[in-house]
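The values are calculated or read from the model by the stated rules, or taken from the named source; none is laboratory data. All of these numbers come straight from a predicted model, not from anything done at the bench. Neighbour counts are summed over all protein chains in view; Cβ atoms, including those assigned to glycine, are modelled from backbone coordinates with ideal geometry. Quick note on the areas: whole protein, heavy atoms, side chains included, nothing else; ligands and nucleic acids left out. Shrake-Rupley method; radii C 1.70, N 1.55, O 1.52, S 1.80 Å.
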Protein chains: 2
Amino acid sequence: MSHSDKTRTTVDIYGKSYTIIGQEPAHHVRMVASLVDQKMREIYDANQKLDTNKLAVLTAVNTMNDYLKLKEEYIELLDLYEKKEDVKK
Amino acid sequence: MSHSDKTRTTVDIYGKSYTIIGQEPAHHVRMVASLVDQKMREIYDANQKLDTNKLAVLTAVNTMNDYLKLKEEYIELLDLYEKKEDVKK
């Protein structure tokens, strides 16, 4: 399979079926979908009044927050790493 | 404000209002919300047949995918960093 080939993977998230088209292998898409499904269920457990639409948006917000925190940690680690490089020189 | 105090921040995402309760400062919550709003609009532009619910779930999937990619990069960098530590000893 060449790098430009796209895979179509059908996954279930929170009771609905989605076909995800992209370059990631199917097992990766399924893992991502399962993590999103899990996070939606956790947020629902914490607030059972939420409709599916709000639940999905809040899941995206929650994941984006995790992403930004990790990004900060990555930048801090990169800074430490680069300082170590300088010491070596 | 003590560390345990929670803030309530109201944000607009894709035309709907959400009150986010948490320990993050309001400006951070607004930035996260604006990134989610932006991603939803990008995904909508690529597929205008999607309803809001599917759009929100696919935004969560997309963000989770970015998170996992960054996590892999973080682990690789940590590995490089630790190897450098070992060389120093």
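Side notes on the structure shown:
- Summed over the stretch A:10-34, the residues that are under 15 Å from the mean Cα position of the chain (by Cα), over 21 Å from A:Thr52 (Cα atoms) and in a strand (DSSP E or B) give a count of 1.
- Near pairs, Cβ below 6 angstrom, 6+ apart or cross-chain, from the stretch A:10-32 (within 8 Å of chain B (Cβ to nearest Cβ) and on the phi > 0 side of the Ramachandran plot) to any residue that is of a type in the set (D, E, K, R) and open to solvent by less than 60 Å² (accessible area, probe 1.4 Å): A:Tyr14/A:Asp37
- Taken over the stretch B:35-61, the criterion of being more than 8 Å from chain A (Cβ to nearest Cβ) and either under 13 Å from the mean Cα position of the chain (by Cα) or farther than 22 Å from A:Met31 by Cβ (or both) is satisfied by B:Asp37, B:Gln38, B:Arg41, B:Glu42, B:Tyr44, B:Asp45, B:Ala46, B:Asn47, B:Gln48, B:Lys49, B:Leu50, B:Asp51.
- Checking each residue in the stretch B:75-89 for being open to solvent by 50 Å² or more (accessible area, probe 1.4 Å) and not charged (D, E, K, R) picks out B:Ile75, B:Leu78, B:Leu80, B:Val87.
- Evaluation of B:Ser4 against (1) more than 10 Å from chain A (Cβ to nearest Cβ); (2) modelled with pLDDT under 90; (3) open to solvent by less than 60 Å² (accessible area, probe 1.4 Å) (one fails), failing number: (3)
- Qualifying positions in the stretch B:63-84 - over 13 Å from A:Leu77 (Cα atoms) and more than 7 Å from every other protein chain (Cβ to nearest Cβ): B:Lys69, B:Glu72, B:Lys83
- Subset tally (residues that are exposed (fewer than 15 other Cβ atoms within 10 Å of the Cβ), modelled with pLDDT under 95 and not in a loop (DSSP other than H, G, I, E, B)) for the stretch A:38-65: 1
- Here A:Glu72 passes the criteria (1) within 17 Å of B:His28 (Cβ to Cβ); (2) open to solvent by less than 60 Å² (accessible area, probe 1.4 Å); (3) among the charged types (D, E, K, R) except the one numbered (2).
- Hey, A:Ala26 surrounded by 10 or more Cβ atoms within 10 Å (Cβ to Cβ) and out of contact with any Pro (no Cβ under 9 Å at 6 or more places or on another chain) or not: yes
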